[in-house]
Amino acid sequence: VAILFVGSSLVAQTVRYMPAKADLKYTFGGHSPVMTLKPGTVLETWTEDCYDGAVKKPDDIPSKVAPIGRDNPQTGPFFVETAKPGDILVVHIVNLQPAKDHGISSHYPGFGTLTSTEYTALLSPPLQEKLWWYKVDTKKNVVSTSIGNRTIEIPLSPFLGCIATAPQRGEVRWTVTPEAYGGNMDYWEVKKGATVYLPVNVDGALLQFGDGHLAQGEGEVIGTAVESSLNVTVRVDVIKGRSIAWPRLENDEYIMTTGSYRPLED
């Protein structure tokens, strides 16, 4: 535990939490907290990638190596003191950095918007499973991959695909779902410098996050972005006596609200 000072004034307590594999969670809700945080605390931690760390080399096939039901592993939950149902949890993204030297993207049958799923039939044949392996270059601030004889570089822009409080009414939900509590929003603005506001549904809010991304367009069209684990620094706070129905965000340029729900039409 460390204390940060600016000049002679006390700013915030900084705590560190490094989860072991057995500490990761695969649902939103239903878990005891791993740590208690005071409002104003800065938390330094780590998240695993959406494949649960199972894809380790370019020729690994996610559907064959990634365990079923262990998608989007979450770090936490964290109990935030004073947070009560009807309050707002405030999470400021202080820093996000790649925790590995590579990122992974893939598409496969039955998932994403370019292929038939269990919900939606398409006339086109199912996509064949394919994986892209990206190298991380923090000096150039890009991720790169080879397609044929070309090297494609994409600007590095880390963000958290999942960030959530515990669901309302005691529900326990799969970590692939978005909902009013946040969850798997895959929104690229949840990045360094952003502040995320989440509804508090249970005592302590029970903050979780994970599903690190290194780059993404406006959405996960193929079902994944450039996925990787992240080193995460956030600051938490609580707005008492004010409530919101679903997540909001802000940064230095925009005030944002999200429609975080299923189905997408709703």
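Some values worked out for this structure:
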quantity	calculated
First in the range 178-193 and closer than 12 Å to HIS213 by Cβ, second anywhere and among the aliphatic types (A, V, I, L, M) and part of a loop (DSSP other than H, G, I, E, B), Cβ under 6 Å, 6 or more apart	ASN184/VAL176
Matching residues in the range 66-82 - criterion: being of a type in the set (Ser, Thr, Tyr) and in a loop (DSSP other than H, G, I, E, B)	THR82
Residue within the range 112-123 that is open to solvent by less than 50 Å² (accessible area, probe 1.4 Å) and outside any loop (DSSP other than H, G, I, E, B) present	yes
Scan of the range 146-186 for residues that are over 20 Å from GLN97 (Cβ atoms), open to solvent by less than 80 Å² (accessible area, probe 1.4 Å) and of a type in the set (Ser, Thr, Tyr), ordered by number	THR165, THR175, THR177, TYR181
Some residue of the range 247-254 being surrounded by fewer than 18 Cβ atoms within 10 Å (Cβ to Cβ), part of a loop (DSSP other than H, G, I, E, B) and of a type in the set (D, E, K, R)	yes
Members of the range 187-232 that are surrounded by 20 or more Cβ atoms within 10 Å (Cβ to Cβ), over 16 Å from LYS25 (Cβ atoms) and charged (D, E, K, R)	GLU220, GLU227
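The values are calculated or read from the model by the stated rules, or taken from the named source; none is laboratory data. Keep in mind it's a predicted model, so treat the numbers as computed, not measured. Virtual Cβ from ideal backbone geometry, glycine too; neighbours counted across all protein chains shown. These accessible areas exclude ligands, DNA and RNA; they are computed on the full protein's heavy atoms, side chains included. Shrake-Rupley method; radii C 1.70, N 1.55, O 1.52, S 1.80 Å.
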